[in-house]
Amino acid sequence: MVIDPVFETATRHHQAGRLREAETLYRQILAVQPDHADALHRLGLVQLQKGDIDGGVQLIKRAVSLNPGRADFYGDLGSALVTSGHYQPAIAALRRAIALAPDYFQAWYSLGWALTMNNQAQEAVGVSRQALKLRPDSGDACFVLAMALESNRQVDEALHTYRRAIALNPDLVGAHVRCGMLLLKTGQWAEGWQEYEWDHGIHDQRSFAQPQWDGSPAPGKVLLIYPSRRLGDTMTYVRFLPLVRDRGVELMIECPPPLLALFRASFPDLSFLPQGERLPHFDLRLRFESLPRVLGITQENLPTSASMPYLRVPPDRLGKWSGRVPQDGTFHVGLVWAGSNSIFRSSSLGIFAPLAAVAGVRFFSLQKGPESSQVPPAGLQLVDYTAELDDFADTAALVQQLDLVLCVDTSVVHLAGAIGKPVWVLVPQLSDRDYPLWPLDRSDSPWYPKIRLFRQRQPGDWDIPVQEMTEALKKFLLGALPWVNKNG
């Protein structure tokens, strides 16, 4: 086989998007010449395009080892490692690419992304500015700079840069979503809901022939309200269903099965269907997450204290759990230490070890899933009924009998808040970037009157917020602290 013509043909197939043909030829070359660095590199790119990130990374690593002087090899390796979440090795590879080719835009761009994700925000800002200097018309580079600025708490400039990214590339979904989240976190809800609506393009995988409801009266029309993502968000936005009913539409609400009994008890005059079953006829549709936008919800008209609690425990579940929490004068606290959707919102039961020193408290596990089997730290006595918690109605019935819930940022936060229980939340540092409902730089939230937020200073380090939570609990038990610190 004459290698060069075959490689040229494979490259043409690759550039035209004919991945199968390109892959076949690259592999033929490697069967004859296993150390052909360019074929290894290009085959690695094909694997990345096919979604085999690990396979692509390994092939490009072999190419790098054979020809360590190629900036494009390092750049593509670094970009692939960013995609797979391996930020530290990505940063090393991208720095090497830039050392070999100082004007390599893609390497600067990917390095800014990797540094931002690796919580090196200050350096990420400088790197991302350099990427934008190399390509001032790049909406993608603008977007990464905006994320770095946001992570570095340069909020006003971050918002300006998100808007600039959108102006350069109006279809850049991520810029719309993150701009929306930051607007919401800074109290600019009207514009925030509009931008955050782009989130459905990322997370709403369902398609319907029926049009979206625009909020206008539609007498005689059936409106399907359906969930798309987090159970906690569904519990937050369900409060708006009475407002929708008042717009003159007939409601049909699709409900995740774990919430079905709770929602039916809370809104007995509405029709809830289990998610996953065949849907009857409907004319219009809308996600739960889109309700605030369509209804024009602002901080001024948000239903909060006047309508709290808006979720109510089914009477039969109250009966089921009656007497399970002793009425002996002890202060009863529920604990949740791990979420199901994000490693950043999860921890281990061991982080709550300082709570063992708080006298006069009995702790109850509210943790479901594999993490529920964790052994409590020394001295922390934990009552565990979680094997009997079949759905959120059961959890609500147990929480109803507690005095306080302490938890990481997961769905139980919204459950406790919606039934009117005090809830103290450990907010990971990354939640300030990734979750839109908790205001920046405040310890309270307009969404729930009895919530208090305890924030990480550094990702993964729970020591400071847990110690602050422990001290707050001691002060509260002494009568020296209200439920919520309104001054942030």
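Okay, here's what the table says:
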quantity: Selection count, segment 315-331, where residues are out of contact with any strand residue (DSSP E or B) (no Cβ under 8 Å at 6 or more places or on another chain) and among the polar types (S, T, N, Q); calculated: 2
quantity: Hits in segment 310-333 (condition: touching a helix residue (DSSP H, G or I) at 6+ places or on another chain (Cβ under 6 Å) and not hydrophobic (A, V, I, L, M, F, W, C)); calculated: 310, 312, 314, 317
quantity: Residue ranges of strands (runs of 3 or more DSSP E) in segment 366-453 with at least 1 members touching a strand residue (DSSP E or B) at 6+ places or on another chain (Cβ under 9 Å), buried (at least 20 other Cβ atoms within 10 Å of the Cβ) and without any contact (Cβ under 8 Å) to a residue 60 or more places away in the chain; calculated: 423-427
quantity: Condition check for residue 270: in contact with a helix residue (DSSP H, G or I) (Cβ under 9 Å, 6 or more places away or on another chain), closer than 30 Å to residue 189 by Cα and buried (at least 20 other Cβ atoms within 10 Å of the Cβ); calculated: no
quantity: Residue 155 touching a helix residue (DSSP H, G or I) at 6+ places or on another chain (Cβ under 6 Å) and either of a type in the set (Val, Ile, Thr) or surrounded by 19 or more Cβ atoms within 10 Å (Cβ to Cβ) (or both); calculated: no
quantity: From 309, 303, residue being at pLDDT below 90 and within 30 Å of residue 267 (Cα to Cα); calculated: 303
quantity: Test: residue in segment 197-215 that is under 19 Å from residue 291 (Cα atoms), buried (at least 21 other Cβ atoms within 10 Å of the Cβ) and not assigned by TED's automatic domain parsing to the domain that holds residue 285; calculated: yes
quantity: Count of segment 54-94 residues which are in contact with a Leu (Cβ under 7 Å, 6 or more places away or on another chain) and among the charged types (D, E, K, R); calculated: 3
quantity: Unique residue being in a strand (DSSP E or B) and either within 26 Å of the chain's Cα centre (by Cα) or in contact (Cβ under 8 Å) with a residue 60 or more places away in the chain (or both) when the list is 318, 262, 355, 335; calculated: 335
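The values are calculated or read from the model by the stated rules, or taken from the named source; none is laboratory data. Fair warning: this is a prediction, and the values are worked out from it, not measured in the lab. Note that each Cβ is placed from the backbone with ideal geometry, even for glycine, and that neighbours are counted across all protein chains shown.
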